[in-house]
Amino acid sequence: MKNEAFGVNIIENSNLDDGINGWFPLGNCSLNMEFGSPIELPPMARNSLGMQERLSGRYILVTNRADTWMGPAQMISGKLKLYLTYQVSAWVKIGPGSTSPQIVNVALSIDGNWVNGGQVEFNNGSWHEVGGSFRIDKQPSNVMVYIQGPAAGVDLMVAGLYIFPVDRRARFKLLKKQTDKIRKRDLILKFSSSKANNVSGAFVKVEQIQNFFPFGSCITRSSIDNEDLVRFLVKNFNWVVFGNELKWSWTEPQQGNFNYKDADELLNFCKNNNLEVRGHCIFWEVEYAIQPWVQGLNKSDLTTAVQNRLTDLVTRYKGKFRHYDVDNEMLHGSFYKDRLGKDIQATMFRTSHQLDPSATLFVNDYHIEDGSDVRSSPEDYIRQILDLQRQGAPVGGIGLQGHIDSPVGPIVSSALDKLGTLGLPIWFTELDVSSANEFIRADDLEVMLREAFAHPAVEGIILWGFWELYMSRENAHLVNAEGKINAAGKRYLALKKEWLSRARGYIDVQGEFRFRGFYGTYNIQINSPTTKINRTFVVDKGESPLAINIDL
């Protein structure tokens, strides 16, 4: 995308310098201009756009709203370009009269099809940021943007609506600097020799052979029968998670009929190939994912079944799974909570820890990082985690599934910043991006990988598969069914290569060689007229310069 007007707002009269010209009411509501809205851009937009002129403080007041969809609207036909990622940002507020949390949504009607531009839920009289993103892959004839959502009769206020294409390349430059700061360390190689010859002036070649950062993938029992898939997996990933084989519906599909064979075989495969393993998942709160026999139990029998599930699984695999997703998607489901009481989720965590203290216990949910789902905002996730901790649940990690479309870096980063305040490690546990255009898919994947790798709270990234036909989402694969690496796969491999340090030079007169490198394992070659030596050394995480003594 060359010569695009990145960062330029396509909304006309966004600041209301010309009253409400360019805006019209959707439905029989009333629009008026008022004063008193924030004059700073919302944080996520500010992170994308940098220094901008302040907002005017004017806002649109929407009254006489007889339905939830009524609000201010504007036609933007002809202003959107194919394949560009657009960021959406606005300040929104609701008037008095609501007794429950209200959703405010920036929506687009693209040739009659509804597209979510971002939404937020709140229940107070303050201004709130709403942010999101979207992209189009075929040219529309008619496009309308409108703001909707609060209940009928509740006034709506909107200020500073921005819709603009994001400059991903500019963002990547910033992320590279952040990555250098948090994932690398200054190194001093100090050479000594018992021989008489002076090591000064010898040529040094340093190659990193392994980055310690966890990059993983989902696998299934059937996928490891594909030899080509296994070769790619073992070469390019160091962690895995099982797609289905540890879920309760898989290990006990009928009551008392256990199937641990698939999980056992996968664990044995991982052990033989030096792959660390996440345990996904002990329980799953969403009702559609729960096998019928469990759904049919009364409270007493369900309590017993939950305890048996914990004892059977966690005891059987004690010490073999580094992580467990204890109760999957608690923001989107409440099967166990509704039937066994609000304390059951914390009990699941406490019991899991008692049975296997070595495993880090995670919460795990989706749409936390993209602004598209009011049930799973970062704020809601934080409240849930704090509530579990207050009940004594040893929550040790935050799982972000990362099934995302049209990602925008500052929106993702904003969620990570908020979650990072809890001081817990964050992992992307099921990351995938989907686009029929493999080059767009590659760009989206790069956005997510760079944002995650550049954030200090993120400690691991697991892709939800990489090989076509072994994916849960269409158009998300990195390698096609015949083994050909597509543009997204090549982008992944290029980033993995970028995140391995290399250095060349000569030993100085003090017998030292200095460089800055990623944490991990290195190979070093020293060549001089009298010596040719190979050594390996390890760079652990740390902020101060690391001195490594190498005896020649």
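The values are calculated or read from the model by the stated rules, or taken from the named source; none is laboratory data. If you're wondering where the values come from, they're calculated on a predicted model, not measured in any experiment. Cβ sites come from the backbone with ideal geometry, for glycine too, and all protein chains shown count toward neighbours. Areas reflect the complete protein model, heavy atoms only, side chains present, ligands, DNA and RNA absent. Shrake-Rupley method; radii C 1.70, N 1.55, O 1.52, S 1.80 Å.
Taking the stretch 461-470 as the range and being buried (at least 20 other Cβ atoms within 10 Å of the Cβ) and under 13 Å from residue 220 (Cβ atoms) as the test, the residues that pass are 464, 465, 466, 467, 470. Taken as a whole, the structure leaves residue 361 outside the set of residues that are in a loop (DSSP other than H, G, I, E, B) and touching a strand residue (DSSP E or B) at 6+ places or on another chain (Cβ under 8 Å). Summed over the stretch 53-77, the residues that are open to solvent by less than 30 Å² (accessible area, probe 1.4 Å) and farther than 19 Å from residue 96 by Cβ give a count of 6. In the stretch 415-451, of all residues being of a type in the set (S, T, N, Q) and open to solvent by 10 Å² or more (accessible area, probe 1.4 Å), the one that is nearest to residue 45 (Cα to Cα) corresponds to 421. Considering 457, 452, 487, the condition of being assigned by the TED database to the domain that holds residue 421, out of contact with any Asp or Glu (no Cβ under 9 Å at 6 or more places or on another chain), small (Gly, Ala, Ser) and closer than 29 Å to residue 412 by Cβ is satisfied by 452 alone. Filtering the stretch 486-504 to residues that are among the aliphatic types (A, V, I, L, M) and without any contact (Cβ under 8 Å) to a residue 60 or more places away in the chain leaves 487, 488, 494, 495.
Annotation for the stretch 452-461: at least one member residue is within 18 Å of the chain's Cα centre (by Cα), in a strand (DSSP E or B) and of a type in the set (Gly, Ala, Ser). When residues in the stretch 6-44 are screened for being under 21 Å from residue 117 (Cβ atoms) and out of contact with any strand residue (DSSP E or B) (no Cβ under 7 Å at 6 or more places or on another chain), 3 of them pass. If you check 512, 482, 498 for being open to solvent by 10 Å² or more (accessible area, probe 1.4 Å) and within 26 Å of the chain's Cα centre (by Cα), only one passes: 498.
Scanning the stretch 378-414 for residues that are surrounded by fewer than 21 Cβ atoms within 10 Å (Cβ to Cβ), small (Gly, Ala, Ser) and part of a loop (DSSP other than H, G, I, E, B) gives 392, 396.
Remark: pairs (first residue in the stretch 24-45, under 25 Å from residue 164 (Cβ atoms); second residue surrounded by fewer than 14 Cβ atoms within 10 Å (Cβ to Cβ) and at pLDDT 95 or above; Cβ separation under 6 Å; 6+ apart in sequence or on different chains) = 33/19. Each residue in the stretch 28-49 was checked for being open to solvent by 30 Å² or more (accessible area, probe 1.4 Å), part of a loop (DSSP other than H, G, I, E, B) and among the small types (Gly, Ala, Ser), and 1 pass.
Applying the criterion of being farther than 12 Å from residue 104 by Cβ and not small (Gly, Ala, Ser) to the residues of the stretch 141-161, the residue that is surrounded by the fewest Cβ atoms within 10 Å (Cβ to Cβ) is 142.
Okay, residues lined up against (1) of a type in the set (S, T, N, Q); (2) closer than 20 Å to residue 359 by Cα; (3) in contact with a Ser or Thr (Cβ under 6 Å, 6 or more places away or on another chain); (4) open to solvent by less than 40 Å² (accessible area, probe 1.4 Å):
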{"site": "267", "(1), (2), (3), (4)": "no, yes, no, yes"}
{"site": "274", "(1), (2), (3), (4)": "yes, yes, no, no"}
{"site": "288", "(1), (2), (3), (4)": "no, no, no, no"}
{"site": "297", "(1), (2), (3), (4)": "no, no, no, yes"}
{"site": "302", "(1), (2), (3), (4)": "no, no, no, yes"}
{"site": "309", "(1), (2), (3), (4)": "no, yes, no, yes"}
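If only residues of the stretch 105-122 that are out of contact with any Leu (no Cβ under 9 Å at 6 or more places or on another chain) and small (Gly, Ala, Ser) are counted, the one that is most open to solvent (accessible area, probe 1.4 Å) is 112. In the stretch 200-217, the qualifying residues are those that are open to solvent by less than 20 Å² (accessible area, probe 1.4 Å) and of a type in the set (A, V, I, L, M, F, W, C), and the one that is modelled with the lowest pLDDT is 202. When the residues of the stretch 123-140 are narrowed to those that are touching a residue at least 60 places away in the same chain (Cβ under 8 Å) and among the hydrophobic types (A, V, I, L, M, F, W, C), which ends up most open to solvent (accessible area, probe 1.4 Å)? Among those that are touching a residue at least 60 places away in the same chain (Cβ under 8 Å) and among the hydrophobic types (A, V, I, L, M, F, W, C), it is 127. Would you confirm, using the coordinates I've provided, whether residue 181 is open to solvent by 30 Å² or more (accessible area, probe 1.4 Å), without any contact (Cβ under 8 Å) to a residue 24 or more places away in the chain and closer than 30 Å to residue 493 by Cβ? Answer is yes for this residue.
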